[in-house]
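Here's the structure, in structure tokens; my notes come after.
None of the figures in this text is laboratory data; all of them are computed from the coordinates on show. Worth saying up front: this structure is predicted, and the values here are computed from it rather than measured. Neighbour counts are summed over all protein chains in view; Cβ atoms, including those assigned to glycine, are modelled from backbone coordinates with ideal geometry.
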Amino acid sequence: MKNIIIVITSFIMLCTVAYAADPIVTQSTSNSTVTSKSDAETTVKSPPPSAISPSINTSNTDLCTVGFSGAVQTQILGISGGSTVRDMNCERLKLSKTLYDMGMKVAAVSIMCQDFRVFTAMEMAGTPCPYFGDIGSSAQAGWDKTPELKPVDPKINEKRNDQLKGAAAGAGILGLLWLLL
């Protein structure tokens with residue numbers, strides 16, 4: 001009996017229609033006119049273009065050069081530049097090695113003897129540098145007759161180099177002051 005009551009109650013609940021209230025509808029119309037006037041000023045602040053120094057590729061191992069570059073940027077002007085510098089000692093070593101590899105041993109030693117340090121070391125070792133094809137004691141006699149042909153110690157020219165460095169420093173300072181203006 002209890003089951004019958006549950007079934008009938010369920011049937012009545014499922015079969016009844018649910019009624020809802022009608023929605024309230026309101027209608028409204030409005031007209032508006034908006035007039036606006038504005039003055040705007042936009043200021044864009046950006047940094048000046050950059051002076052970018054050029055890259056100088058010296059990665060080839062067969063080159064005897066060293067690259068350098070630099071750049072300076074002010075609010076008004078930017079300058080950049082670069083260059084390469086020859087490494088004379090590197091060139092001397094490569095030339096000497098090439099001559100030695102070709103069997104020209106005296107010529108290879110002669111190339112190396114253009115360096116003051118090598119020339120002095122050869123004299124101190126008792127094996128003077130070749131002199132116009134002569135080697136040994138005849139080469140030493142040739143060097144003794146013409147000492148002006150011997151490589152010069154760079155320390156002798158130190159005073160002159162100091163003067164040149166001072167002049168270059170003065171020119172560099174003037175150039176920097178000009179850039180800052």
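Some points to look at:
- The translational diffusion coefficient of segment 88-150, from Stokes-Einstein at 10 °C and 1.306 mPa s with a Kirkwood hydrodynamic radius over alpha carbon pairs, comes to 134 µm²/s.
- Cα extents for segment 57-113 along the principal axes, largest to smallest and rounded to whole angstrom: 60, 21, 7.
- Given charges at beta-carbon only (K, R positive; D, E negative), |dipole| of segment 71-141 in Debye: 140
- MET124 paired with LYS155, simple spin-label distance in nm, labels 7 Å along Cα-to-beta-carbon: 1.1
- Potential lengthening between ALA71 and MET88 on full extension [0.36 nm per residue; Cα-Cα distance subtracted]: 3.5 nm
- Over all other residues within a Cβ to Cβ distance under 14 Å of SER138, the charged ones net out to -1, with Lys and Arg as +1 and Asp and Glu as -1.
- Cβ-derived FRET efficiency at R0 41 Å, ALA141 paired with LEU179, nearest 0.05: 0.10
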